[in-house]
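Below you'll find the structure, written out as structure tokens, and then a few comments.
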Number of protein chains: 4
Amino acid sequence: MAKDWKSKLHEIIYEADTKEGKLFDVILLILILASIGLVMLESVEEFAEKHGTFLDISEWIITILFTIEYFARIISIKKPTKYIFSFYGLVDLFSTIPKYLSLFIVGSQSLIALRALRLMRIFRVLKLARYIGESNNIMRALNASKIKIGVFIMFILILCTILGSVMYLIESGEESEFTSIPRSIYWAIVTLTTVGYGDIAPLTSLGQFIASIIMILGYGIIAVPTGIVTAELATMDKDEIHLNTQSCPNCASSGHKNNAEFCYNCGEALHPEETD
Amino acid sequence: MAKDWKSKLHEIIYEADTKEGKLFDVILLILILASIGLVMLESVEEFAEKHGTFLDISEWIITILFTIEYFARIISIKKPTKYIFSFYGLVDLFSTIPKYLSLFIVGSQSLIALRALRLMRIFRVLKLARYIGESNNIMRALNASKIKIGVFIMFILILCTILGSVMYLIESGEESEFTSIPRSIYWAIVTLTTVGYGDIAPLTSLGQFIASIIMILGYGIIAVPTGIVTAELATMDKDEIHLNTQSCPNCASSGHKNNAEFCYNCGEALHPEETD
Amino acid sequence: MAKDWKSKLHEIIYEADTKEGKLFDVILLILILASIGLVMLESVEEFAEKHGTFLDISEWIITILFTIEYFARIISIKKPTKYIFSFYGLVDLFSTIPKYLSLFIVGSQSLIALRALRLMRIFRVLKLARYIGESNNIMRALNASKIKIGVFIMFILILCTILGSVMYLIESGEESEFTSIPRSIYWAIVTLTTVGYGDIAPLTSLGQFIASIIMILGYGIIAVPTGIVTAELATMDKDEIHLNTQSCPNCASSGHKNNAEFCYNCGEALHPEETD
Amino acid sequence: MAKDWKSKLHEIIYEADTKEGKLFDVILLILILASIGLVMLESVEEFAEKHGTFLDISEWIITILFTIEYFARIISIKKPTKYIFSFYGLVDLFSTIPKYLSLFIVGSQSLIALRALRLMRIFRVLKLARYIGESNNIMRALNASKIKIGVFIMFILILCTILGSVMYLIESGEESEFTSIPRSIYWAIVTLTTVGYGDIAPLTSLGQFIASIIMILGYGIIAVPTGIVTAELATMDKDEIHLNTQSCPNCASSGHKNNAEFCYNCGEALHPEETD
């Protein structure tokens, strides 16, 4: 009987096929968004001062609801440890705890460590990842091009180190904002990625000339990651167009769709073996 | 006889095959552009003060012409309600009304609501969409990759929320411009999308280090939407060469290759009419 | 005899197969670059004041050399009018004339029209286009996607008009820099294209929220022109892989290279008709 | 015996198959990163003043270790000159020497030439390139599209020269920051590549209008290098599937399809070994 109750709870929490399951998902989604909104509002000083009590109470309500969710998830699953130490289990735990800890360490509220702890609640946003779906094409494409992209980023970093150092050497006047190599490398990255804040900008003609070269480089290099991911995605999509490589046993025409039962050319039966 | 007059009007307004139809389109195009120009000029204070009367009269002339167009469209169509509640019908209505309303509510001219109302005339620019052609490839590609792009944007937002919060924590000095989490998230979006205003920029070394990571991330991630749309467009172009839109007369399956003589599903003869 | 002399001159000037032809090209290239360098230096006030005479003399030398080139081109070609009214003919003429005109209109040197005239010499840079080669793939790809890109730009302009107007309405405080609709549209373009100068930036929270949306939009929309050109280039390159659509008369395997004389599968002679 | 010792050293230094070889690589990697970190820290004035002795000693230790590595590399290789004059040999040499030179030229420490010399140590970052792997697809794709990208960059430079000059003419008021043509060209590059520092921005309406056109241009043109590299990468991936590197034993033509049994050129049997 108790088992039956647990399995129903499991269905509601972990699945989305039933009415109750969907309702649970919607409520959780709203709670997460509300929770993130609260953390954001709390960081806006004027708002936090005016509506301090409101923020505190709302946060307590949400924290308690998330606590209930956390324990419900543990109870309803067969192997609780599997959930507890999973990515989402840890996110659920660490984004719920901070509020409770704030009870015990009240006096030292202004410490940075405490502030970081309170901010950890923002990681509740990761709970949204549950709704993304884990097996989509983009992730697969990014995963497949992981090494290529890693090489590319290393290449960018080497380039920026050298360019930054050269700029540090050139723009070393008194008014220059290229005061150190790390700062110059930061500038080189800002420029190469075409972000271009403008907080640091070259003042000498030679510096502007080299900056121009970096920009055109960055403008051209952006093609590389794009090319990598696009080529990967295009190859993947091709697999999905559902053309197989079989040729008709009668007329030998090729390029049949994967679900084809008969040759599009002569009408002969194909009996295709489905690829993947 | 009246019916004949209506059908001719319909031909002029809704079609562009006859000389009169083309002339109507050209005049409408000029009127729309002139109208948008007027709204723009009205917003430039110095100009509005000097040439107030000119702007007022011109706007009245254009408003009246658009009113005539609106009623002509209603009269000449068989099912007026279909036009009135269509996208273009509502655009036509709401971009014409404001000027008339300004007659009745003169005293409170400075209200923001009124200002918004007057600005609604700028939406006449949407009338230009009529000339774009509704069934082009780009829209189809964007439409086909709707879900993928949605997932991507959600991913970006989660990333920016976390990165913004981390930066808020790090850059919390007195002179810092990262005064709240929403503002920090705004900065993270500005940086990740490589826009880089520079109105907010990290001052600490650690902040600049993390900013660099965000930039390189953004520089790499831009590859994803590009890859999605490109792969989609490439597939479409391929489809247009090899797959026609005919469906099998026997089993109604679609997506046959252009040179197909028999249905790939049931083997029925297709006798397709070649498209293009 | 004179004819022979002309044809040799034609060979030197218009072709690059002989030693003299190549030498002529190299000298012309250096002259163009030197000429552009001079115009640039002339615009740097400090330099122009110090080295005024040097600039004047150098410019005269280059102008006279370009004049000689211009007449040599006219003399050595059979149909001079064809050259004179060609794109390069006009560029050659209009970039040589300004220096001569400066002789006649000395007193009014400071007029903007005069300044524009002098600057026209910078268009000598267009002479470099001769070396680019007119029939490259990029131009063909851009040409093939002309209409699609046109539609895309119109779409961008409509979007920026609406977004700019909305921002003008929202950011209408006293310190706001969104002082008029055209200025707001300018800002919307700066933001959507991810340029992000930062000379105008939203101050209100709502403004920053909408700005964030515009940025993410722009970050995503950049995929569209890239997708268009890439798909076009990919299709073109495919044509060049030299696979034809013929199938072997013996074993019916397809995908032969264009220059294939024999089937790669069974060794049967193909006698292919070359496509394109 | 000595020869045996040398060949073992060669194995450790030049290869990464043995335990010792891997250990050597890891230590070298750490040394390089530490060395670059030191150069960076040295450039941060406050740090250099406080921890001057620490920096000096650490740098001496690393320099001596790199010196040992350099000589070990020379000793263990059969043809030392091949290494000494190779790219990495020169990088190894020139990034080690500066510290020794600083012993001899102490008095004139502040000279720019000296500073440049010291900074050369940053080029040790190039030693990291050893770990990238020289034969990856990206480099091949960039190499294959070298000419196309060169043409593209030349096109960009011509465009920026003209646009910069036009802006110099338009934005020539007293407060304008477009003080010379080179500066205006610098601005045009900053804008076209969507970097957008904002250190120079148009003030007049006409200038902002033209700036908008440049931005949209740049936003669209970015598609070109992306398209080139993507098409190249896509083709490469395709080649890797269908074309093998075998050449015909009879006529030596290459680029056969993987499943080819006979040469497409002469009909000779191929008996290819399938690559992957």
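Flag: D:Thr191 matches the condition of being surrounded by 24 or more Cβ atoms within 10 Å (Cβ to Cβ) and in the same structural domain as D:Ile149 (by TED's automatic domain parsing). Scanning the stretch A:166-178 for residues that are more than 7 Å from every other protein chain (Cβ to nearest Cβ) and either in a helix (DSSP H, G or I) or open to solvent by 40 Å² or more (accessible area, probe 1.4 Å) (or both) gives A:Val166, A:Met167, A:Ile170, A:Ser172, A:Gly173, A:Glu174, A:Glu175, A:Glu177. Taken over the stretch C:42-74, the residue count meeting the criterion of being within 15 Å of C:Arg124 (Cα to Cα) and buried (at least 17 other Cβ atoms within 10 Å of the Cβ) is 6. Among residues of the stretch B:199-216 being open to solvent by 30 Å² or more (accessible area, probe 1.4 Å) and assigned to a loop (DSSP other than H, G, I, E, B), the one that is nearest to the other protein chains (Cβ to nearest Cβ) is B:Asp199. With a requirement of 2 or more residues that are in contact with a Lys or Arg (Cβ under 8 Å, 6 or more places away or on another chain) and at pLDDT 80 or above, the helices (runs of 4 or more DSSP H) lying completely within the stretch A:57-165 that satisfy it span A:87-94, A:97-104. Take A:Lys22 and decide whether it is open to solvent by 30 Å² or more (accessible area, probe 1.4 Å), more than 30 Å from B:Gly164 (Cβ to Cβ) and over 29 Å from the mean Cα position of the chain (by Cα). So A:Lys22 fails the test.
Just one of the numbered conditions (1) part of a helix (DSSP H, G or I); (2) open to solvent by less than 70 Å² (accessible area, probe 1.4 Å) is not true of D:Ala16: (1). When residues in the stretch B:180-192 are screened for being farther than 12 Å from C:Gln208 by Cβ and part of a loop (DSSP other than H, G, I, E, B), 0 of them pass.
The values are calculated or read from the model by the stated rules, or taken from the named source; none is laboratory data. Predicted model only: the values in this text are computed from it and were never measured. Counting neighbours? That spans all protein chains shown, and the Cβs are built from the backbone with ideal geometry, glycine included. Heads up: the accessible areas ignore ligands, DNA and RNA and are worked out on the full protein's heavy atoms, side chains in. Shrake-Rupley method; radii C 1.70, N 1.55, O 1.52, S 1.80 Å.
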